[in-house]
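Only one structure is covered here, and it is reproduced in the block below.
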Amino acid sequence: GESVGLHLPTLSVQEGDNSIINCAYSNSASDYFIWYKQESGKGPQFIIDIRSNMDKRQGQRVTVLLNKTVKHLSLQIAATQPGDSAVYFCAENKYTGNQFYFGTGTSLTVIP
Amino acid sequence: DAGITQSPRHKVTETGTPVTLRCHQTENHRYMYWYRQDPGHGLRLIHYSYGVKDTDKGEVSDGYSVSRSKTEDFLLTLESATSSQTSVYFCAISVGNEQYFGPGTRLTVT
């Protein structure tokens, strides 16, 4: 079956350090991936996306890396801030009726 | 928030009662989705809609029905609520390939 999962359920980092959150996916046909941030009591918030024809995409303080060979993507957050504390999860799109499949999430805690 | 609201935001109901959750969007997006979020699981798709009166099942559709009589509203109904349907329910819309979510509805079935 299909699966989108995360390697670590929790991650704690010091303020100012860089954070790396990982995600594995199983469907090599997936061609679009999104990272979401979800704060407590709120809906998921779009952070950054990447298409399968790219290896890397950068946003403001965030970078997503895609390794299609091992079906792995990661989210890097530079200079992590307390406001970055949240659950982060990835989603893959198999482009069948605009359906997405979501990972279970990694809880990031930033230590001041 | 892409103009998405959900109502109610919190609800407690008894097993066997019908429940309807409402998702409202203000920007005429074609695609709308209902997900549930549970501990240990990623967001799981219940139903989605690709236009007025056009809906389809997701991976966890059993026990749920949906209706979309207007572009702006997508209703999720639990005909006879069960304790296993205690969850947080999120509505979402698509903008291109991106999905944007509403604030969620926390439903507790006792």
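Averaged per residue, what accessible area in Å² does region A:4-111 show with a 1.4 Å probe, protein chains only?
For region A:4-111, the per-residue accessible area is 46 Å².
Over chain A, what relative contact order in percent results from Cα pairs under 8 Å that are six or more residues apart?
37
Taking the mean number of other Cβ atoms within 10 Å as a proxy for protection, how do you rank B:3-14, B:88-99 from highest to lowest?
B:88-99, B:3-14
With springs only between Cα atoms under 10 Å apart, run a GNM on chain A and tell me which of A:Val87, A:Val70, A:Val62 wobbles the most.
A:Val70
Kirkwood Rh, chain B, all Cα pairs: how many Å?
Roughly 13.7 Å, rounded to one decimal.
In a shell of Cβ-Cβ distance under 10 Å around B:Gly58, excluding B:Gly58 itself, what net charge do Lys and Arg (+1) and Asp and Glu (-1) give?
Once all neighbours under 10 Å are counted, the net charge is +1.
Once both labels are modelled 7 Å past Cα along the beta-carbon direction, what's the A:Met54-A:Asn67 spacing in nm?
Between A:Met54 and A:Asn67, the simple spin-label model gives 2.0 nm.
About its Cα centre, how strong a charge dipole does the protein assembly as shown have in debye, to the nearest 20, once Lys and Arg get +1 and Asp and Glu get -1 at the Cβ?
With only Lys, Arg, Asp and Glu charged at Cβ, the dipole is about 140 debye.
Please give the average number of partner chain Cβ atoms lying within 10 Å of the Cβ of each residue in B:35-45, rounded to a whole number.
5
What percent does the relative contact order of region B:4-109 come to when contacts are Cα pairs within less than 8 Å and at least six residues apart?
36
Express in whole angstrom the spacing between the alpha-carbon centres of region B:14-66 and region A:1-80.
25
To two decimal places, what compactness ratio does the protein assembly as shown give when its Cα radius of gyration is scaled by 2.2 N^0.38 Å?
Rg over 2.2 N^0.38 Å, computed on Cα atoms: 1.02.
Sort A:19-27, B:48-56 by packing, meaning the average of other beta carbons within 10 Å per residue, with the highest value first.
Descending packing order for the listed peptides: A:19-27, B:48-56.
What does the charge dipole of region A:4-111 about its Cα centre add up to, to the nearest 20 debye, if the Cβ of each Lys and Arg holds +1 and the Cβ of each Asp and Glu holds -1?
260
With every atom except the alpha carbons ignored, what do you get for Rg and Dmax of region A:4-111, in angstroms?
Rg, Dmax (Cα atoms, Å): 13.1, 41.
In the protein assembly as shown, if the dipole is taken from +1 on Lys/Arg beta carbons and -1 on Asp/Glu beta carbons about the Cα centre, which of A:Thr80, B:Ile4, B:Gln85 is farthest to the positive end?
Comparing the listed Cα positions along the dipole, B:Ile4 ranks first.
Summing both sides, how much accessible area is buried between A and B? Use a 1.4 Å probe and give Å² to the nearest 100.
That pair of chains buries around 1600 Å² in total.
Counting Lys and Arg as +1 and Asp and Glu as -1, each charge on the Cβ, what is the dipole of chain B about the Cα centre in debye, to the nearest 20?
140
Quantify, in whole percent, the carbon and sulfur part of the accessible surface of the protein assembly as shown (1.4 Å probe; protein heavy atoms only).
For the protein assembly as shown, the apolar C and S fraction of the accessible surface comes to 47 percent.
Do you know which residues of region B:80-110 lose at least 50 square angstrom of accessible area in the protein assembly compared with their chain on its own, with a 1.4 angstrom probe?
Buried by 50 Å² or more upon assembly, which counts only protein chains, are B:Asn97, B:Glu98, B:Gln99, B:Phe101.
Using a 1.4 angstrom probe on the protein heavy atoms only, could you order B:Asp62, A:Asp17, A:Asp55, B:Asp73 from most to least accessible area?
My answer, sorted largest first, is B:Asp62, A:Asp55, A:Asp17, B:Asp73.
The values are calculated or read from the model by the stated rules, or taken from the named source; none is laboratory data. Just so it is clear, the model here is predicted, and its values are computed rather than measured. A quick note on method: Cβ atoms are made from the backbone with ideal geometry, for glycine too, and the neighbour counts reach across all protein chains shown. Note: accessible area is taken over every heavy atom of the protein model, side chains too, but ligands, DNA and RNA are not part of it. Shrake-Rupley method; radii C 1.70, N 1.55, O 1.52, S 1.80 Å.
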